[in-house]
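Comments concern the structure below.
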Amino acid sequence: MRPYTRGDRVGELIKETMAELLQKQISDPRLAGVTITGVKMSRDLRNAKIYFATPQGADTSQAASDGFAKAHGFVKRELAQRLGLRYMPDLKFFYDTTIDYSARIEQLLKAVKKNDANHH
């Protein structure tokens, strides 16, 4: 098991702070209901990949990406003030497809179960 690294700790702080910003300070309707699902930091802590999910799934992911692009400067400034890091990482936002993927798997399993019940 790998140890909990500084990058993991910084990523978790960014995730928590981003969630708070989305709830309390960012009023862009494109980001309403968006959930931060994870943050991956580069080894040198210069880059942060922030993963998000939307309540409507992939249909609204582009709108949310546009919302994050518009709020990028504000988010970076707020994170810098709150986290007090020596260097603020470059932020990149990515839609997290794992929720859609798991919903599709669940749907397929239900279909197989239903089909199996009809054959017996």
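Laboratory data are not the source of any read-out in this text; all were calculated from the coordinates shown. These numbers come from a predicted model, not from an experiment. Counting neighbours? That spans all protein chains shown, and the Cβs are built from the backbone with ideal geometry, glycine included.
Distance between the modelled labels on GLN62 and ALA117, one decimal in nanometres: 3.8 nm (7 Å Cα→Cβ projection). Near ALA58, once Lys and Arg are set to +1 and Asp and Glu to -1 for all other residues with Cβ below 12 Å from its Cβ, the sum equals -2. For the chain, take the longest principal axis of its alpha carbons; what is the angle in degrees between that and the long axis of helix 98-119, to the nearest 10 within 0 to 90? Tilt relative to the chain: about 10 degrees.
Could you tell me how many degrees, from 0 to 90 and to the nearest 10, lie between the Cα long axis of helix 61-83 and the main elongation axis, the longest principal axis, of the Cα atoms of the chain? That works out to roughly 40 degrees. Convex hull volume of the C-alpha atoms in the chain, normalised per residue: 125 Å³. Spin-label pair TYR87-LYS110: with each label point 7 Å from Cα along the Cα-Cβ axis, the two points sit 4.8 nm from one another. Label sites at ARG46 and ASP100, each approximated as a point 7 angstrom past Cα along Cα to Cβ, lie 3.1 nm apart. Would you compute, from DSSP H runs of 4+ residues alone, the mean residue ellipticity of the chain at 222 nm, taking -39500 (n - 2.57) per run and dividing by the full residue count, rounded to the nearest 500? Estimated from H runs of four or more residues: -18500 deg cm²/dmol. Distances between placed amide hydrogens fall under 5 Å for THR37 paired with TYR51, PHE52, ALA53, all partners being 5 or more residues away or on another chain.
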